[in-house]
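Okay, structure first, notes after.
Any read-out appearing in this document is the output of simple, stated calculations on the displayed coordinates, not a laboratory observation. Since the structure is predicted, the reported quantities are computational estimates derived from the model, not experimental observations. No Cβ is skipped: glycine too gets one built from the backbone with ideal geometry, and neighbour counts run over all protein chains shown.
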Amino acid sequence: MSRKELIIKTTLNIILIFASLVLIIITPFNNAYNIGMKIFTITAYTFIFITTVIIQCLEEKNAGGYRCPNCKEEHKPTTKEFICSMHIGFKRHLKCPYCNKKYWMPKVFDDEKEKKNNQEDVL
Ligand SMILES: [Zn+2]
């Protein structure tokens, strides 16, 4: 996946996550619904919320690897490491399997990797 694709998908997922969260919060105050309808609606929005969060995590995890700023080696974190690590944007605080230290690692996208390989071929 390219950086552009992931940014578009992430933006749409964030909109969906916030919209479902707002609807979960305001549904109990909707007087047009009876109690059964309120419970059904909140359950449906909660399902959308959880599904979108899971899809977003998987898409971001599978979009590429992470490059260690120290040894420049690239690796893919496990799902547990990915979920438990701190992040700012697409940067993550991960443990490098080659030098066994934690660093803030930038994401390496598939399209950027190809570009870099092409540059190396030219040089
Ligand atoms: Zn390293």
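Just a few scattered comments:
- For segment 38-52 and segment 2-33, distance of Cα centres in Å: 11
- Between amide H atoms placed 1.01 Å from N, distances below 5 Å from residue 94 occur with 103, 105, all of them 5 or more places distant or on a separate chain.
- Fraction in percent of alpha-carbon pairs per bin - 10 Å, segment 20-83: 19, 31, 19, 17, 11, 4, 0
- Karplus-derived 3J(HN,Hα), 6.51/-1.76/1.60, for each residue of segment 70-84, Hz, glycine and proline x: 8, 9, 6, 7, 9, 8, 10, x, 6, 4, 5, 4, 4, 5, 7
- P(r) for the chain, from all Cα pairs and a bin width of 5 Å, is 2, 10, 16, 16, 14, 11, 9, 7, 6, 4, 3, 1, 1, 0 %, short bins first.
- The chain: angle of helix 35-62 to the longest principal axis, Cα-based, in degrees nearest 10: 0
- Full-stretch length increase - residue 62, residue 44 - with 0.36 nm per residue and alpha-carbon distance subtracted: 3.8 nm
- 5 angstrom amide H check on residue 108, placed H, neighbours 5+ away: 65, 66, 67
- Degrees between helix 110-122 axis and first principal axis of the chain (Cα, 0 to 90, nearest 10): 20
- Size of electric dipole in the chain: Cβ of Lys, Arg +1 and of Asp, Glu -1, about Cα centre, debye, nearest 20: 420
- Potential lengthening of the chain between residue 55 and residue 35 amounts to 4.2 nm, from the contour at 0.36 nm per residue minus the alpha-carbon distance.
- This ranking places 22, 53 by how few other beta-carbon atoms lie within 10 Å of each, fewest first, which gives 22, 53.
- 0 to 90° range, to nearest 10: angle between helix 3-26 axis and the chain longest Cα axis: 20
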